[in-house]
Amino acid sequence: MKTVIVTDVNSLARAAADIFVAQAQEALQANRRFTVALSGGSTPRSLYQLLADIPLAWENIHIFWGDERCVPPDHADSNYRMTAESLLSRIRIPTENIHRIAGELPPDEAALRYENELRQFFGDAPRFDLILLGLGDDGHTVSLFPDSPALHERTRWVVAVPHATPPPPLAPRVTLTPVAINAARQIVFLVSGAGKAERLAEVLQPRPAAQPLPAQLIQPVNGDLLWLVDKPAATLLSTDKAG
Ligand code: 6PG
């Protein structure tokens, strides 16, 4: 695991864009489709806006999501809508390369459909080239919330989870499970802002608590984990964390 500290949210977006481009070029040069699972929330929006202006071989890039709120794709809380506004509407990418989670469906049906699509696409293991993740104030990531049964899921790659208590939005979710995320080649957490400092320091403690936070369950089995954080979020990190 590696932690890189950058100045602010704009340099976070630029550093993340550099990683995205490098990973995409590596996959494409190896004649592999580049597969990326995008994060929802607000932090990655500026990254997606940057990527929209970078010439990439989008015809060989497949976009997935780490999670989705169970709302229609044009709903203000839809992760897909945020991505469509900041990226998808501004690039030429084949429709079949966009693997949207059908948030408009009943949660269990949406989860099953997404899992089937992943299994049809990846086969034995969901080996995403890159998964982008955020960190919630309660230590959640994607829609893996503290004390959720989804944290202990060992076989399914996608589950539906109820979500009726904060953090908002209070909508059922469809989320990748830890076992699906940990199969990735490269996992990058994007964490910005002073509001995340305390939780980030807790998550990056050398020894997770007896009851690990969801974000502490993200440990790639055969891949790399990078925490890309800005200085306001890193204020409580020990100096040995940098670099
Ligand atoms: C979601 C995300 C969620 C998000 C964190 C951080 O659907 O909301 O998957 O895990 O990444 O809550 O959100 P911010 O980037 O808005 O702080």
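The values are calculated or read from the model by the stated rules, or taken from the named source; none is laboratory data. Everything numeric in this text was worked out from a predicted model, so none of it was measured. Reconstructed Cβ throughout: ideal geometry from the backbone, glycine too, with neighbour counts over all protein chains shown. These accessible areas exclude ligands, DNA and RNA; they are computed on the full protein's heavy atoms, side chains included. Shrake-Rupley method; radii C 1.70, N 1.55, O 1.52, S 1.80 Å.
Some notes on this structure:
- Any hit, the stretch 214-230, residues being more than 19 Å from the chain's Cα centre (by Cα), among the hydrophobic types (A, V, I, L, M, F, W, C), part of a loop (DSSP other than H, G, I, E, B) and closer than 29 Å to S11 by Cβ: no
- Among the residues here, V21 qualifies as more than 14 Å from the chain's Cα centre (by Cα) and on the phi < 0 side of the Ramachandran plot.
- Flag: L50 matches the condition of being touching a helix residue (DSSP H, G or I) at 6+ places or on another chain (Cβ under 6 Å) and in a helix (DSSP H, G or I).
- Output for the stretch 178-198, where each listed residue is more than 10 Å from the ligand (Cβ to nearest atom), in a loop (DSSP other than H, G, I, E, B) and open to solvent by 10 Å² or more (accessible area, probe 1.4 Å): N182, A183, R185
- The stretch 125-177, residues that are within 14 Å of the ligand (Cβ to nearest atom), open to solvent by 10 Å² or more (accessible area, probe 1.4 Å) and within 15 Å of P220 (Cβ to Cβ): V142
- Residues in the stretch 202-227 that are within 16 Å of the ligand (Cβ to nearest atom) and farther than 20 Å from L151 by Cβ: L226 alone.
- Looking only at the stretch 151-194, residues that are over 17 Å from the mean Cα position of the chain (by Cα) and over 26 Å from C70 (Cα atoms) come to 2 in all.
- Test result for T35, in contact (Cβ under 8 Å) with a residue 60 or more places away in the chain, part of a strand (DSSP E or B) and more than 14 Å from the chain's Cα centre (by Cα): no
- Note on the stretch 55-71: among residues that are within 15 Å of the ligand (Cβ to nearest atom) and assigned to a loop (DSSP other than H, G, I, E, B), the one that is surrounded by the fewest Cβ atoms within 10 Å (Cβ to Cβ) is V71.
- Scanning the stretch 74-122 for residues that are open to solvent by 10 Å² or more (accessible area, probe 1.4 Å), within 19 Å of L176 (Cβ to Cβ) and either modelled with pLDDT under 95 or of a type in the set (S, T, N, Q) (or both) returns N116, Q120.
- Residues (under 21 Å from D108 (Cα atoms) and among the acidic types (D, E)) located in the stretch 38-73: D67, E68
- Scan of the stretch 25-45 for residues that are open to solvent by less than 30 Å² (accessible area, probe 1.4 Å) and more than 8 Å from the ligand (Cβ to nearest atom), ordered by number: A27, F34, T35, V36, A37, L38
- Checked against the criterion of being touching a helix residue (DSSP H, G or I) at 6+ places or on another chain (Cβ under 6 Å) and more than 18 Å from G134 (Cβ to Cβ), the candidates P73, P55 yield just one match: P73.
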